[in-house]
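Undergrad: Take this structure first; my questions come after.
The values are calculated or read from the model by the stated rules, or taken from the named source; none is laboratory data. Not measured: the values here are computed from a predicted model. Please note: Cβ atoms are built from the backbone with ideal geometry, for glycine as well, and neighbour counts cover all protein chains shown.
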Amino acid sequence: MNSLNRTLEGRHPGTAQVGQWFEYGHLPDGGPRQMSAECAELAEWVIETLPDSSELTVGLRKLLEAKDCFVRAAIAAARTKHDASEVPDSTRDALDAQTLHDSPGSDLADA
């Protein structure tokens with residue numbers, strides 16, 4: 001179990017639900033993983049520092065949306081810098097699935 005999972009133990013379901021999406025172990029080494037890891041570190045610190053509240057949940061959701069943007073920007077930068085084939089399909093697939101889940105109005109976002 002990693003430290004983010006330990007941080008989420010016993011937290012409000014809203015905090016835990018959003019917090020789980022900061023995991024980055026599925027991403028391969030490189031820029032996208034580093035971007036995700038930095039956002040996860042910030043999310044972990046915020047969760048450790050603040051009590052559960054609607055504002056915490058909203059803030060985490062916005063950080064999650066920003067993280068997704070940063071990771072996509074890192075993938076785009078890798079494509080520009082290198083051949084697009086060097087960006088693993090698993091990274092693109094993971095981001096596509098997470099983006100679908102986190103999209104406002106998506107059926108999965110309310111699940």
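Undergrad: Being more than 10 Å from the chain's Cα centre (by Cα) and in contact (Cβ under 8 Å) with a residue 12 or more places away in the chain is the filter here; which residues of region 18-37 pass it?
TA: Listed by number, the residues that qualify are GLY25, HIS26, LEU27, PRO28, GLY30, GLY31, PRO32, GLN34.
Undergrad: Considering only residues that are of a type in the set (Gly, Ala, Ser) and under 17 Å from SER54 (Cα atoms), which ones fall in region 2-39?
TA: Passing the criteria: GLY10, GLY14, ALA16, GLY19.
Undergrad: Follow-up question, since we're still on this one. Which one of GLY31, GLY19, GLY25 is over 22 Å from SER90 (Cβ atoms) and not β-branched (Val, Ile, Thr)?
TA: Testing whether each residue is over 22 Å from SER90 (Cβ atoms) and not β-branched (Val, Ile, Thr) leaves just GLY19.
Yes/no matrix, rows are residues, columns are (1) modelled with pLDDT of 65 or more; (2) closer than 17 Å to ALA16 by Cβ:
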residue	(1), (2)
THR49	yes, yes
LEU64	yes, yes
CYS69	yes, no
THR80	yes, no
SER85	no, no
ASP93	yes, no
ALA97	no, no
ASP102	no, yes
GLY105	no, no
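Undergrad: Let me ask something else. Hey, can you tell me all the residues within region 1-46 that are β-branched (Val, Ile, Thr) and either at pLDDT 95 or above or in contact with a strand residue (DSSP E or B) (Cβ under 7 Å, 6 or more places away or on another chain) (or both)?
TA: Scanning region 1-46 gives THR15, VAL18, VAL46.
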